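Below is one structure, written out as structure tokens, with a few remarks after it.
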Amino acid sequence: MDDCELRALVEAQKNWMVDIRRRLHRIPERGFAEVKTQQVIMETLDALGIPYTTERTWVVGVIEGALPGQVVALRADMDALPLEEPEGLPFRSEHPGMMHACGHDAHMTMVLGAAKVLMGMRDRLPGTVKLLFQPAEETDGGAEPMVQRGVMENPHVDRVYGLHVQPYLPVGVIETRAGTLNASTDDVELTIHGRSSHGAYPESGADAIVCAAQVITSLQTLVSRNVSPLASAVLSLGMISGGTAGNIICDRVSLRGTLRTANGEIRAMMKRRIAEVASGVAAAMGCTAEVCITSGYAALVNDEAEAGRVMRVGARLLGEKNVVRKAAPSMGGEDFSFFCERVPGAFFHLGCVKKEDMPAPLLHSRDFHLDEDCLTVGAMMHVALVLDGQ
């Protein structure tokens, strides 16, 4: 298939995709509660004649081509955010307090649009295409349990792709990079244990508040003094609580924060050093520190060859000037990483706002909106990536 035919086939589905995107936009749901969303996806796959399996709220569709070739997976996340959507949109959210403020309605639509095109050419399609509709990207993470339940096997996936709309890019522009694209995400909890006493006699106690202050200050040096200036890490402590009265030396302070790192080596080092520094500072002040770090998403690391494929295909379809090589990783999390840990894959960003409307509200804002022209661009990229190299 040449690019002109591909473009025409995808453009012919634009109105169909717009209708589906608006239908999904009306029914935003939380992670692992995407019941109505799952139903729309299943009904659409049924109408297209695409077989699928389900577990919890995810859906895995399979398109088997008539010709031999690789197994390629396309992923779309499904969940929405707990935000109240402003009035005015004719297809506004019908679920109070929930909104598709991160564009996942568009992601699902793009994969469905690609699926319709690929199904229509199944008699000349090489290989197999897996459609991974994944729940809970915004919360607990649906990718890891999907991988654990075997969605990348039977048949084994050879390469996997995903995308995310970005309102800082205009429609028709994509962005990616080889190597780390998104940081790992870990939850950090610290508890400083001191010894209570009367505030008038501080020498009788061990002040957990003063100790916590010193621990916070010391932890802030980890990135500046333990991580290379050429590498990436963030440690942010966003919650602190402790104390019962103004005249009582506090015996317990709780701290909570987030750790973001660009690779596994930095991640392991930071986890170790957080515990060492917190315990050492606490001991020096007559206190103890309890450290609990809960692992979240792994760093999203694009395969070099597959990131190169995305950029090459994008340049061919959109023009070289519309393919941006991202200079540095984002410290935001993205659980597409769990698919990339199993097989070579690449994730990329897709412009979703008209140039004349920029700057536009960012993701996770109740004012976020997208231009539906991006639907055909995303679907076209998906189809082209499936076909490339087959």
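The values are calculated or read from the model by the stated rules, or taken from the named source; none is laboratory data. These numbers were taken from a predicted model, which means no experiment stands behind them. Note that we place each Cβ from the backbone using ideal geometry, even for glycine, and neighbour counts take in every protein chain shown. With ligands, DNA and RNA removed, areas are computed over all heavy atoms of the protein, side chains included. Shrake-Rupley method; radii C 1.70, N 1.55, O 1.52, S 1.80 Å.
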Item to check | Residues satisfying the stated conditions in segment 2-35, i.e. exposed (fewer than 15 other Cβ atoms within 10 Å of the Cβ) and not in a helix (DSSP H, G or I) | outcome: ASP2, ALA12
Checklist outcome for this item: The lone condition LEU235 fails out of (1) open to solvent by 70 Å² or more (accessible area, probe 1.4 Å); (2) under 20 Å from LEU300 (Cα atoms); (3) modelled with pLDDT of 95 or more is (1)
Item to check | Verdict on VAL301 being under 21 Å from ASP388 (Cβ atoms) and open to solvent by 40 Å² or more (accessible area, probe 1.4 Å) | outcome: yes
Next on the checklist: Checking the structure you have, find out if any residue of segment 304-326 is open to solvent by less than 50 Å² (accessible area, probe 1.4 Å), small (Gly, Ala, Ser) and in contact with a His (Cβ under 9 Å, 6 or more places away or on another chain).
Outcome noted: no
Checklist entry - Considering segment 83-110 alone, what residues qualify as being in contact with a Gly (Cβ under 6 Å, 6 or more places away or on another chain) and open to solvent by 50 Å² or more (accessible area, probe 1.4 Å)? => result GLU84
Checklist entry - Does any residue of segment 36-52 turn out to be part of a strand (DSSP E or B) and either in contact with a helix residue (DSSP H, G or I) (Cβ under 9 Å, 6 or more places away or on another chain) or open to solvent by less than 20 Å² (accessible area, probe 1.4 Å) (or both)? => result yes
Checklist entry - Can you spot a residue in segment 275-287 that is open to solvent by 50 Å² or more (accessible area, probe 1.4 Å) and within 16 Å of ALA178 (Cα to Cα)? => result no
Checklist entry - Which of the residues spanning segment 245-274 are open to solvent by 50 Å² or more (accessible area, probe 1.4 Å) and under 30 Å from the mean Cα position of the chain (by Cα)? => result ARG256, ARG260, ASN263, GLY264, GLU265, ALA268, LYS271, ARG272, ARG273
Checklist entry - Condition test on ALA299, is it closer than 17 Å to THR180 by Cβ, in contact (Cβ under 8 Å) with a residue 40 or more places away in the chain and touching a helix residue (DSSP H, G or I) at 6+ places or on another chain (Cβ under 7 Å)? => result yes
Checklist entry - Which members of segment 329-386 meet the condition of being part of a helix (DSSP H, G or I) and either of a type in the set (S, T, N, Q) or open to solvent by 30 Å² or more (accessible area, probe 1.4 Å) (or both)? => result SER337, GLU341, ARG342, LYS355, GLU356, ASP357, THR376
Checklist entry - Restricting to strands (runs of 3 or more DSSP E) lying wholly in segment 111-225: which have 3 or more residues that are modelled with pLDDT of 95 or more and surrounded by 24 or more Cβ atoms within 10 Å (Cβ to Cβ)? => result 126-134, 159-170, 184-193
Checklist entry - Residues in segment 53-81 that are part of a strand (DSSP E or B), under 18 Å from the mean Cα position of the chain (by Cα) and of a type in the set (S, T, N, Q): how many? => result 0
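In this structure, does GLY142 turn out to be small (Gly, Ala, Ser), in contact with a strand residue (DSSP E or B) (Cβ under 9 Å, 6 or more places away or on another chain) and more than 21 Å from GLY378 (Cα to Cα)?
On the way: small (Gly, Ala, Ser): yes; in contact with a strand residue (DSSP E or B) (Cβ under 9 Å, 6 or more places away or on another chain): yes; more than 21 Å from GLY378 (Cα to Cα): yes.
Spelling it out, GLY142 is indeed small (Gly, Ala, Ser), in contact with a strand residue (DSSP E or B) (Cβ under 9 Å, 6 or more places away or on another chain) and more than 21 Å from GLY378 (Cα to Cα).
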Checklist entry - Based on what the data block shows, is ALA262 at pLDDT 95 or above and on the phi < 0 side of the Ramachandran plot? => result no
